[in-house]
Every structure is written in structure tokens, then in C-alpha cells.
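> Sharing a structure with you now.
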Amino acid sequence: MKVLYGVQATGNGHITRARVMAPALKQAGVDVDYLFSGRPADELFDMELFGDYQTRRGLTFYMGEGAKVKSWDTLTRNSLSTLIRDIKSLDVQSYDLILSDFEPVTAWAAKLRGKKSIGIAHQYAFMHKLPDGWRSLMLRLGVQIFAPVTIPVGVHWDHFNRTIVPPLISPPQYSRTVDEGLVLVYLPFETDETLIDWFASFTDYRFHVYSKRSFAHSINNVHFKPLSRAGFEQDLAACSGVFSNCGFGLASETMQYGKKFLTKPMQGQSEQRSNAILLDRLQLATVMDDFQSRDFQHWLEQPQPEPQLFQDVAGGLAKWIAGDCSEPASDVVRSIWGLSTGVPA
């Protein structure tokens, strides 16, 4: 079985899923080539696991201060002509299957050439009606246009009686401890000045802020750190809580380590708004649309939740893929969740 695995690299969550799937696919005997798009190649890091991977420009969102999508920049700075050229020039004939984590070049190349494609991503959960008001319905058409696949398999915190598997994340790499004075922050679209202003009065706490920067520095109780997978997870294992936007991957890792989670969804990002609604509905996080000191203090004083242990999703999906996906996806999903009934095809 030879597979081309396309990964949307705009957000770290997609790459995190690929890091979990890669060893499982290898163990299942699947020969995989990887393609990443949506982020400049020189901004990818810790990629040794993927061997001699390919990159393409793809499509991405452009963000402004306050984690708000810059609609005009997103429209004008993406290159549709480059995308079309990359889709047409991508050779997929030698592959038995195309696997897509919401990556448009591989997904569209497969569709145009009649290749079977499997979508495994959080976004494919929006192909189903979720209890998030109208947002999943609104997102569905966008998912179909952005990265269409033959068989979509969604990833979410609940199956909602649909073809949706649990979060695809690595087991914890570090022992869980709780430093009550340490808060982990990942808000890459807020300015340093904004974060310092928010956190300066909370002198009993230390805030470890990760973002794209070349060196670490501290201003009083706010410690700015460059992106590092190992360093980030060490802080995740030790902190009392996590404050971030509403990306699916980090929220899932926070649950796994049993840390309280405060989220500020990106403005104009319907996927993050859907995530926030469901986190609140499932009582898995505190949602804050605008920073308020009183609400923040209340969250800091909340107790820790119990760690959540997620099923071996990667192993089950890898075996299914190695078998050419001959088993119905609904049966695979039931098996992963440990269900005897439910989950329609």
C-alpha cells in the first residue's frame, strides 16, 4: 500500500495529527510520502519524522492583531493560479490512496484524477450536523470546496453519533505535575504589549508565552519563549492551566494532561467559534471572547480537571488504511470508540 499524505501546515494541530499517524502507518506496513502546504518551508520545524517530504504553497488564513482573520489579505495574498498549477502538476498515479488532513493540493489532485481519498481531520467533522447551532452547516460547504475527499472521517471530542473519531494526539511525553503559579499561554496573534498589560497585575503567577520569535526574554512575570515542541510540552505537563485560542489540537492535549483550559476564539473564524460552543457544552473549558480581569482571576482559581485518556485512534485508522479501507468507516469508528451500536455511515 503506497499512500500520499497531504497535511495542511497553517496550524500546528494538523502537523501534530500527522506526527501521531506517521509511526502507526509505518508499523502497519504502509509506504507513505508526505506533502505539506499552507506555510513557508523555512517555517516548518521538527520535521525529521516525515523524511524527504514535499511542500507546496497551498492556501492559508492571514491573521491580524487580536486573532482576527484579515479577510482582504486572505483573499488577495493567496494565489489561486499557483494552487491550480500545483494541483495539475502533482503526480498521484503511483499511489494507491490519497490521505488528506484538510490539505487542498493533494485532495483536489485526487478528485480530478478519480483517486480514492480519505480525509482525516477535525474539519471533516463539520460534514455532519453538530450541536453547535448553525456553524457546522455553514462550514460544510467550505470543507467540501477546500479539500474534498471520497471518505471523510472527522475528529472531535465526542462522536455525536456520527463518523467521528476521538482526538489524534500522542500519549503524554512527561509526567503530569501541577505548579499552581505557572500558566501556559499560546496566543500568537496578540502583541507582547497586550499580553504584558493583561498579566502584569497577576503577580502571584508566571506566564510562559510561546510565539514565533528567535530568542527568549522576560518582562516581570511574563516570560516570552520561542516555539519549541519539547519545551512547550514540558510546560504543559507542569502548568496549572492553559490560555490559548480555540484550536482543536492544543485543547485536546490540555485535556489529556488534565489542565484547566481558558480559550479566546479567533474573531471571524467559524471553526474556532464552533469549537468554543462545544467545549462549553461539554463542560471542557472556559470561553472568554474579550479579556476581563475579573473573569480571568476566577478562572485562575478553578480546580484542575481529571486527565482524559483517549483511545488508540492512530493504530485503528492505520490498520484500516493498510487494508485499503475495505471495512466501512462507520464500523472502524464504532470499534475505536468501543461502541456496539450507533455511528451511521
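> Could you check segment 306-324 and list, in sequence order, the residues that are acidic (Asp, Glu) and more than 19 Å from the chain's Cα centre (by Cα)?
Glu306, Asp324
> Another question, if that's okay. When the residues of segment 173-206 are filtered to those that are charged (D, E, K, R) and open to solvent by less than 80 Å² (accessible area, probe 1.4 Å), which remaining residue is nearest to Ala18 (Cα to Cα)?
Glu190
> Are any residues in segment 241-260 hydrophobic (A, V, I, L, M, F, W, C) and either in a loop (DSSP other than H, G, I, E, B) or open to solvent by less than 20 Å² (accessible area, probe 1.4 Å) (or both), and if so, which ones? Don't jump to the end; show me each part of the working.
Pass one, segment 241-260, residues hydrophobic (A, V, I, L, M, F, W, C): 242-243, 246, 248, 250-251, 255.
Correct list: Val242, Phe243, Cys246, Phe248, Ala251, Met255.
> Got a number for residues in segment 184-210 being touching a residue at least 60 places away in the same chain (Cβ under 8 Å) and over 19 Å from Ala230 (Cβ atoms)?
9
> Could you say whether any residue in segment 102-122 is in contact with a strand residue (DSSP E or B) (Cβ under 9 Å, 6 or more places away or on another chain), farther than 19 Å from Asp33 by Cβ and modelled with pLDDT of 95 or more?
Yes, segment 102-122 contains at least one residue that is in contact with a strand residue (DSSP E or B) (Cβ under 9 Å, 6 or more places away or on another chain), farther than 19 Å from Asp33 by Cβ and modelled with pLDDT of 95 or more.
> Here is a further query. Just to verify a result, which residue in segment 135-162, among those that are among the polar types (S, T, N, Q) and either open to solvent by 10 Å² or more (accessible area, probe 1.4 Å) or touching an Asp or Glu at 6+ places or on another chain (Cβ under 8 Å) (or both), is farthest from Leu284 (Cα to Cα)? Walk me through how you get there before you give the answer.
At the first step, the residues of segment 135-162 found to be among the polar types (S, T, N, Q) are 136, 144, 150, 161.
Add one more test, that the residue is either open to solvent by 10 Å² or more (accessible area, probe 1.4 Å) or touching an Asp or Glu at 6+ places or on another chain (Cβ under 8 Å) (or both), and what stays is 144, 150, 161.
Values: Gln144: 28, Thr150: 32, Asn161: 19 Å.
Ranking the candidates gives Thr150 first.
> Follow-up question, since we're still on this one. For segment 261-271, does any single residue satisfy the condition of being touching a residue at least 24 places away in the same chain (Cβ under 8 Å), among the acidic types (Asp, Glu) and open to solvent by 30 Å² or more (accessible area, probe 1.4 Å)?
For segment 261-271, residues touching a residue at least 24 places away in the same chain (Cβ under 8 Å), among the acidic types (Asp, Glu) and open to solvent by 30 Å² or more (accessible area, probe 1.4 Å): present.
> Right, something else. Within segment 214-240, count every residue that is open to solvent by less than 30 Å² (accessible area, probe 1.4 Å), in contact with a strand residue (DSSP E or B) (Cβ under 9 Å, 6 or more places away or on another chain) and either in a strand (DSSP E or B) or under 10 Å from Leu184 (Cβ atoms) (or both).
8
> Out of Leu49, Leu59, which single residue is touching a Lys or Arg at 6+ places or on another chain (Cβ under 8 Å) and open to solvent by 10 Å² or more (accessible area, probe 1.4 Å)?
Exactly one of Leu49, Leu59 is touching a Lys or Arg at 6+ places or on another chain (Cβ under 8 Å) and open to solvent by 10 Å² or more (accessible area, probe 1.4 Å), namely Leu49.
> Going residue by residue through segment 273-283, is there one that turns out to be within 23 Å of Gln123 (Cα to Cα), open to solvent by 20 Å² or more (accessible area, probe 1.4 Å), touching a residue at least 60 places away in the same chain (Cβ under 8 Å) and not in a helix (DSSP H, G or I)?
Filtering segment 273-283 down to residues within 23 Å of Gln123 (Cα to Cα) leaves 273-283.
Those left that are additionally open to solvent by 20 Å² or more (accessible area, probe 1.4 Å): 273, 277, 280-283.
Filter once more, keeping what is touching a residue at least 60 places away in the same chain (Cβ under 8 Å): 273, 277, 281-282.
Still in the running and not in a helix (DSSP H, G or I): 282.
Within segment 273-283 (the criterion being within 23 Å of Gln123 (Cα to Cα), open to solvent by 20 Å² or more (accessible area, probe 1.4 Å), touching a residue at least 60 places away in the same chain (Cβ under 8 Å) and not in a helix (DSSP H, G or I)), the answer is yes, since at least one residue qualifies.
> Okay, moving on. Could you tell me whether His156 is touching a strand residue (DSSP E or B) at 6+ places or on another chain (Cβ under 8 Å) and modelled with pLDDT under 95? Before the answer, list the steps.
Working: touching a strand residue (DSSP E or B) at 6+ places or on another chain (Cβ under 8 Å): yes; modelled with pLDDT under 95: no.
Answer is no for this residue.
> Right, something else. Against the conditions (1) out of contact with any Ser or Thr (no Cβ under 6 Å at 6 or more places or on another chain); (2) farther than 16 Å from Gly315 by Cα; (3) open to solvent by 40 Å² or more (accessible area, probe 1.4 Å), where does Ser170 fall short? Just the number, please.
It fails just one condition, (2).
The values are calculated or read from the model by the stated rules, or taken from the named source; none is laboratory data. Worth saying up front: this structure is predicted, and the values here are computed from it rather than measured. Quick reminder, even Gly has a Cβ in these numbers, built from the backbone with ideal geometry, and neighbours come from all protein chains shown. For accessibility, only protein heavy atoms count, side chains too; no ligands or nucleic acids. Shrake-Rupley method; radii C 1.70, N 1.55, O 1.52, S 1.80 Å.
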